[in-house]
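What follows draws every value from the coordinates through simple rules; no lab data is involved. Because the structure is predicted, anything quoted here is derived from the model rather than measured. Glycine gets a Cβ as well: all are built from the backbone with ideal geometry, and neighbour counts include every protein chain shown.
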Amino acid sequence: MTYFPLLLVLALCSKDRARDLPDKVTLHFENASITEILTEILRQSGIEVEMDEVARQVLPNREKLTFHVREIPVRCALQLLFKPRRLVVREGRVKVLITVCDCSRLRALGR
């Protein structure tokens with residue numbers, strides 16, 4: 001019985017952080033940089049979103065964006081933000097990577 005409190009603390013501490021994060025975000029931006037938007041996604045969700053070098057060329061930080069979503073899953077917000085620019089959202093264990101679509105591969109698959 002004396003080990004029960006210790007086991008309870010260990011169970012709570014080992015809980016996967018991703019499950020503790022909010023799964024929805026609300027974003028309201030007018031004439032904002034992509035950095036501002038991604039910083040707010042990190043603040044609200046705890047999910048780090050990184051753009052690779054090619055994606056930063058497609059969507060440079062100097063480009064001003066207007067983006068409004070309310071209470072939608074982070075994955076959907078990222079798709080709405082990047083898919084129209086032909087950028088791909090790749091989810092990893094620790095963070096999300098934004099990169100360009102490998103169109104040559106898609107053509108080979110007949111898509």
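Computed 3J(HN,Hα) for region 76-91, one whole-Hz value per residue from the Karplus formula 6.51 cos²θ - 1.76 cosθ + 1.60 where θ = phi - 60°, is 5, 4, 5, 5, 5, 6, 9, 4, x, 9, 6, 9, 10, 9, 10, 8, glycine and proline marked x. Based on C-alpha pairs under 8 angstrom that are at least 6 apart in sequence, region 20-108 has a relative contact order of 34 percent.
Taking region 20-86, which GluC sites (Glu not before Pro) meet the DSSP loop condition and have no more than 12 other C-beta atoms within 10 Å? Provide the component values of the computation, followed by the final result.
Values: sites: Glu30, Glu36, Glu40, Glu48, Glu50, Glu53, Glu63, Glu71; in loops: Glu63.
Of the GluC sites (Glu not before Pro), the ones in loops of region 20-86 whose Cβ has at most 12 other Cβ atoms within 10 Å are Glu63.
Ordering Thr99, Thr26 by the number of other Cβ atoms within 10 Å of each residue's own Cβ, fewest first, gives Thr26, Thr99. Each of Phe29, Phe82 has some number of other Cβ atoms within 10 Å of its Cβ, and from fewest to most they run Phe29, Phe82.
In loop segments of region 24-100 as defined by DSSP, the trypsin sites (Lys or Arg not before Pro) with at most 14 further C-beta atoms inside 10 Å of their C-beta are Arg62, Lys64, Arg86, Arg93. Amide hydrogen proximity for Val88: with H placed 1.01 Å from N in the peptide plane, the residues at 5 or more positions away or on another chain lying under 5 Å are Thr99, Val100, Cys101.
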